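Just so it is clear, none of the values below were taken in a lab; they were calculated from the coordinates. In this text the structure is predicted, and so the values were computed from the model without any measurement. Counting neighbours? That spans all protein chains shown, and the Cβs are built from the backbone with ideal geometry, glycine included.
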Ligand SMILES: Cc1ncc(COP(=O)(O)O)c(C=O)c1O
C-alpha cells in the first residue's frame, strides 16, 4: 500500500485531473504522436522550437494517471530548455523509473514511485519518447512496445 | 448473518470444493488471498492436468506415431485417446475431424491459409463481426491482401449484441466465408451461432466459429450448430497452453490443401513427388505438443466429472450477483449488457483509466485484465480506449465478487479529489 501511495501521490493525481499545457499548440513546428498499445495511452505532442530552444509545448491525449501526469509534468519542465537539456531530462527520468538511476531533480522526482511497478514504466516514459521523436521530427507514431 | 446467507448458495458451496482442485488458488498476492478473475485470458489448471503432463514426462515420454517401442506406443495411444475425448466433447462425427494445433489463433490461420487461400479471389467477401478478437480478424486481412477479397463487418448494437438483420443483408453471392465468435471475450455476449450458420448455409456459405471463450462455459455441439469449422484453445478450458483444436467437417478438410509441410503429414516423400497422409495427420506436421494434448485430455476428464447444468448455473449466478453490485458503484459503466451472456464483466470508471484500476485492484490481490482485450475495433465501437474486465471460472465465488467490488471502492478512494 505504501508503494501505491508513492505511485499515486497527490502531485500525480493533481496533474492527471488538471493537466498543464493541455491542448493544441498553434504555431508548433515539431509534432509527434506516441502510442502505448498495451493500455491504449495516446499522446500528441506539439513543440515550438526556435534556435534550439523549446519556446512552447502542449499536448493532447488520453491515458492513465501515470502517462497523463508524466506528460503534464514534462511540459512544465522542458519549456524554455534547450533541446539538449530536454533530452538530458528524458535520460534522467528514464534512469529513475527503470531503476538504477538516482532521482531526477525537482518536481520530476514524484515519478520515482513508478520504479516499483515495472508494468507501468512504459506509461511514465511515453510522453518523453514522444518528445524525442518530435525533436527528431519523426513523422509516424512512436510506440513504447 | 450475511456470511450465512452466502454459504446457503448451493453453487458457491460447490465452487468451494472445486477450488481445492486448483493448487494456485491458495496463493497470496501482496499479502492478500489471490482473487483470480482473469479467466478469459487463461484459466487456472487443476492438479489432475498438471499431474497428467508430468506423468507423461516422468513415465512414458516418447515421440508419437513413429516408434515400434513400448513407450512410443503408449504415448501414441494416450495422444490419440484425447482426439476421441475432444470428438465427444464437441460431438463431432469422427476423431478424424479433430486437428491438434497450437491454439485458436493457429486454427484460424490454418483455415485462412488452406481453405481460404485456395478458394478465394478478388471480389470475394468474408463476413466477420465487430466484436471479433484480433486473431479472428488479422488472418482474414492477410488473406484479403493475398487474394484481393474484402471484409464485411456485422455491426454490434449498444447492448453488445450482433445485429442480425444487418448480418442477413451482408450475405450475398460474393460471400465465401463467415467467421464469428461464439462468445465475445470483451463483452461476454453469447452469439446465436446456430442461426448465423443456418442463414449462411442458405447462401451456400461455410462458417467458422471461434470457440475460444465458449468452450469452458457452454456445452458445444458442432453437429447441432452445423458449423463448418470450430476453433478453441486448451488453456481456456483448464488445460495447458500451447495446444488447441481445429474441428472441421471431414469433407471440407479432405478437400483442403495442406497447411504446413514436414514429418507425420506425409505418406511417402521423394524428391520427385510427395504424397500426403490422411486426416487428421495431413494437418499435423512435425512433432506435436504431446504433453499438452495429454493435459487437454485430463482437463476434459475433469470437466466431464461436473454436470454442464451445474457449471452454467454457477456462471449465471455469479454474473447475476456481480452485475448489480458493480453497476451500483457511482461512475461505473458496464460495457456489454447482452441479454444472453457468460460471466464476463467489462467496465469503465469515470475519471479513472483502466490501467490504474488494474494496478490498484492488483494491490488488493484481485487479478483482472485491463486494456483493449485484443478487440480494438470493438473498443472503438463503444468509444473507450480500454476497459477493466473481470471474468469468472467455475472456482470463483460470491465472496470473490465482494472482494472485487470492495477493491473497486478502494481504488476510487485513492483517486477521490
Ligand atoms: C474470442 C477469442 N478468440 C481467440 C483467442 C485467441 O486464443 P489463443 O491466444 O489461445 O490462440 C482468444 C484469446 O484471448 C479469444 O478470447
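Remarks
- Ranked for footprinting exposure by Cβ neighbours inside 10 Å, fewest first, A:129, B:88, B:235 give B:88, A:129, B:235.
- Averaged over peptide A:6-19, the number of partner chain Cβ atoms lying within 10 Å of each residue's Cβ comes to 2.
- Axis of helix B:70-90 versus longest Cα principal axis of chain B: the two differ by about 60°, to the nearest ten degrees.
- Maximal additional length on extending the residue B:266-residue B:310 stretch stands at 11.4 nm, based on 0.36 nm per residue less the C-alpha distance.
- Two-site FRET efficiency, residue B:58 against residue B:337, from Cβ-Cβ distance with R₀ of 41 Å, rounded to 0.05: 0.25
- Annotation: Cα Rg of the protein assembly as shown relative to the compact-globule expectation 2.2 N^0.38 Å equals 1.07.
- Bridge type composition, the stretch B:50-304 - antiparallel percent by DSSP, nearest 5: 50 percent
- When peptides A:111-122, B:65-76 are ranked by their average number of other Cβ atoms within 10 Å per residue, the highest-first order is A:111-122, B:65-76.
- Peptide packing: for B:13-20, B:129-136, the average count of neighbouring Cβ atoms within 10 Å per residue gives the ranking B:129-136, B:13-20, highest mean first.
- Principal-axis tilt of helix B:398-414 within chain B, Cα atoms, nearest 10 degrees: 70 degrees
- For chain B, adding -39500 (n - 2.57) for each run of n ≥ 4 DSSP H residues and dividing by the number of residues yields -11500 deg cm²/dmol at 222 nm.
- Packing, as the average of other Cβ atoms within 10 Å across residues, places the peptides A:27-37, B:96-106 in the order B:96-106, A:27-37, highest first.
- Neighbouring partner chain Cβ atoms per residue of B:14-25, average, 10 Å criterion: 0
- Whether the stretch B:1-128 is rounded, prolate or oblate, judged on the alpha carbon gyration tensor where a/c under 1.5 counts as rounded: oblate
- Debye intensity ratio in log₁₀ form over the Cα atoms of the stretch B:216-365, taken at each q of 0.13, 0.14, 0.17 Å⁻¹: -0.86, -0.93, -1.12
- Rounded to 10°, Cα long-axis angle of helix A:83-97 versus longest principal axis of chain A: 20 degrees
- √(5λ) per eigenvalue of the Cα gyration tensor, the stretch B:277-324, largest first, Å: 36, 13, 11
- For the stretch B:50-304, pairs of C-alpha atoms spaced more than 32 angstrom apart make up 22 percent of the total.
- Computed from label points 7 Å out along Cα-Cβ, the spacing between residue B:27 and residue B:255 is 4.7 nm.
- Under the simplified labelling scheme, the residue A:18-residue A:6 pair shows an inter-label distance of 2.8 nm, with each label point 7 Å from Cα along Cα→Cβ.
- Counting other Cβ atoms within 10 Å as a rough exposure proxy, the listed residues B:369, B:316 run B:316, B:369 from fewest neighbours to most.
- Area projected by the alpha carbon convex hull of the stretch A:1-142, averaged over all directions, nm²: 7.7 nm²
- Residue by residue along B:168-181, Cβ atoms of other protein chains within 10 Å of the local Cβ number 0 on average.
- A Förster distance of 45 Å, applied to the separation of the beta-carbon atoms of residue B:275 and residue A:55, puts the FRET efficiency at 0.05.
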